[in-house]
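One structure below.
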Amino acid sequence: MKLSPLQIARYQYSPKLPGMLRNGIAEICVKNGGPTESVADQEKIQALFPNTYGKNEITFQKGENTSPAKKQVVGVILSGGQAPGGHNVVCGLYDALKALSPENVLIGFKGGPSGLLDNDFIVFEDDYINQYRNTGGFDIIGSGRTKLETQEQFAIVVENCKKHGVNALVIIGGDDSNTNAAVLAEYCAAHNTGIQVIGCPKTIDGDLKNEDIECSFGFDTATKTYAEIIGNIERDANSAKKYWHFVKVMGRSASHVALECALQTQPNICLVGEEVAAKKMSLAAIADYIADSVAARAAKGWNFGVAIIPEGIVEFVPEFSVLIAEINELLAGEKADSFNNLPTWADKYAFIENGLTAESMAVFAILPQSIQQQLFLERDPHGNVQVSLIESEKLFSALVKDNLAARKKEGTYNGKFSALHHFLGYEGRCAFPSNFDADYCYSLGYNAAMLIQYGYTGYLSKVSNLSKPAEEWVAGGMPITKMMNIERRHGADKPVIRKALVELEGAPFKFFAEHRAEWATETCFVYPGAIQYYGPAEVCDLTTRTLALEKA
């Protein structure tokens, strides 16, 4: 395999560890914090996790290592979508285990949780691990979205672990994966399997965060990658001066990615789904808001601009959520066959018109035909609308175009509007991790090994104080149950990690809200450029604007 010069250089990068993890394995001890409780539904969560609930938070500090000496055989999986830095979690885990004892073993189960079920694995060794240091992607062992949630699955996992003498599992994933890690940890504890389970917080969406987890890994790299592209688009828009660019970015359940990209690049428009929901904004109101910016800039002779759209924006629009619910009901059961057998779109449109309430039909009628057809022709195996497939960037540019046409008839707008569309998704998931993510992820893995060595289970590897230099980072662990609440999933109450949405009273959004009026009408673009790996620390180790504002 031919390597790029950057890849060769990145292999040689030595990730920075928190100060207390730099002392050497023999000089790392535990400081106990207070007992914990779940973020909500405490009695229900405690009843579901009697063996792992309420444990203390802990931090590591300089002192005598009092952990018992024993051979560690650890399994690790990557779960869910890719996020930059995942390889370094594995590398940090491997290096710490080998520092504890050369006899320790790290086994990678391939393809995510399914590798645990199928006993598909690789035993890591130096030569193999060294090929993946500081690189993007999850190709070291692959990933998958199989959920570990049934007693039968847990029994198979335990059986396969015992075949290898595995005494601990590290699950690297997002909120669902770490929820599964907590449930598996409880099962293992309840059945006295001797298998510990440790989680690591991963997701580029940024919605696995709380007062303890300051950010999930991958968010830094992904948003910097997207921001570079958005900055390039802004520069092009400011050069050509004839296009409005509608840029959709990742983030279905929360708008952290969109907000961070806006803070880095200062576009004319950035929609934040949480605000749309709070204000109960309609599609027409959103289109009017964007059109106001287009018209104001056109009045200055600037028929160009950039708008950032979160991937899941339409799910935050109340009237659209109602429409989706009605469509799902309209197509339930045999009614879907009746609809699909209609010969023309006109016939199907009449069927829809007859089946929706007047309020939802009014919303449906303003949608471009291409979006209307997406809602009815692209459904999941359960017959529900696949909202994630809706091309919201094209939806809003079409609505804005119609809005501007109406203004032109009224004589209140005389500009030109030509839209281009972009979706930034996979481009950010496997990028070379930034120095921040390379350091953070390596620390998470190294820290996970220490949690295992000290016998913890049902814990999340935790590194905090992340807005400071790595020397000042604080390493430790927290019970996963602390992040949980009860939610209704598929008709049943389930314990899940609560997703973190954009806080409208938080510093990042407040900063954005204070400046967006100026950004909407002026050209205040910022061009972040590519991620820098070598050079001054203030450039190369820069954290996200979100983290900097939250910890200012």
Among [x] -0.49, -0.92, -1.22; [y] -0.72, -1.15, -1.28; [z] -0.44, -0.87, -1.16, the entry derived from the coordinates for log10 I(q)/I(0) by the Debye sum over Cα atoms at q = 0.07, 0.10, 0.12 Å⁻¹
[z]
Give me the accessible area per residue for the chain, probe 1.4 Å, as a whole number in Å².
41 Å²
Normalised by the residues of the chain, what does the relative contact order come to in percent, with Cα pairs under 8 Å and at least six apart?
24 percent
Share of antiparallel DSSP beta bridges in the chain, in percent to the nearest 5?
45 percent
From the residues Ser360, Gln72, Ile8, which one has its Cα farthest along the dipole of the chain in the positive direction, the dipole being from +1 and -1 charges on Cβ of Lys/Arg and Asp/Glu about the Cα centre?
Ile8
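Starting from 0.36 nm per residue, how many nanometres of slack lie between Asn210 and Asn485 once their C-alpha separation is accounted for? Could the numbers behind the result be given before it?
Working: separation 275, 0.36 × 275 = 99.00 nm, distance 1.32 nm.
Full extension from Asn210 to Asn485 adds 97.7 nm.
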Full-stretch length increase - Lys162, Gln532 - with 0.36 nm per residue and alpha-carbon distance subtracted
128.8 nm
Would you kindly state how much longer the chain becomes between Ala155 and Ala492 on full extension, computed as 0.36 nm times their sequence separation minus their alpha carbon distance, in nm to one decimal?
119.1 nm
Would you work out the charge dipole size for segment 60-162 about its Cα centre, treating the Cβ of every Lys and Arg as +1 and the Cβ of every Asp and Glu as -1, and quote it to the nearest 20 debye?
260 debye
How many angstrom lie between the C-alpha centres of segment 160-213 and segment 1-38?
19 Å
Compute the Cα gyration tensor for segment 444-545, then decide on rounded, prolate or oblate, letting a ≥ b ≥ c be the square roots of its eigenvalues: rounded whenever a/c is under 1.5, prolate when a/b is larger than b/c in the other cases, and oblate in all that remain.
oblate
Looking at the square roots a ≥ b ≥ c of the eigenvalues of the Cα gyration tensor of segment 237-289, which shape do they give, rounded for a/c under 1.5, prolate if a/b is larger than b/c, or oblate?
oblate
Evaluate the distance, in nm, between pseudo-label points positioned 7 Å from the Cα of Asn56 and of Ser338 along their respective Cα→Cβ axes.
6.5 nm
For the chain, the percent of accessible surface on carbon and sulfur atoms (probe 1.4 angstrom, ligands and nucleic acids excluded) is 50 percent
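Dipole size in debye (nearest 20) for the chain around its Cα centre, Lys and Arg Cβ +1, Asp and Glu Cβ -1?
On the way: 51 positive and 65 negative charges, 172 e Å.
Computed charge dipole of the chain: roughly 820 debye.
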Among Ser255, Asn238, Asn192 the positive-end extreme of the charge dipole of segment 174-265 (Cβ point charges):
Asn238
Take the alpha-carbon centre of segment 353-425, take the same for segment 500-552, and report the distance between them in whole Å.
30 Å
Using the beta-carbon distance between Ala47 and Lys416 and R0 = 45 Å, what value does 1/(1 + (r/R0)^6) give for FRET efficiency, to the nearest 0.05?
0.10
To the nearest 500 deg cm²/dmol, what mean residue ellipticity at 222 nm is calculated for the chain from DSSP H runs of n ≥ 4 alone, each contributing -39,500 (n - 2.57), summed and divided by the residues?
-13000 deg cm²/dmol
Between the Cα axis of helix 507-521 and the main Cα principal axis of the chain, the angle (0 to 90°, nearest 10) is 30 degrees
Which shape class, rounded, prolate or oblate, goes with segment 44-154 when its Cα gyration tensor gives a ≥ b ≥ c as root eigenvalues, a/c under 1.5 marks rounded, and past that a/b bigger than b/c marks prolate?
oblate
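The values are calculated or read from the model by the stated rules, or taken from the named source; none is laboratory data. Remember, predicted model here, so these are calculated numbers, not experimental data. Virtual Cβ from ideal backbone geometry, glycine too; neighbours counted across all protein chains shown. The accessibility values were calculated without ligands, DNA or RNA, using every heavy atom of the protein model including side chains. Shrake-Rupley method; radii C 1.70, N 1.55, O 1.52, S 1.80 Å.
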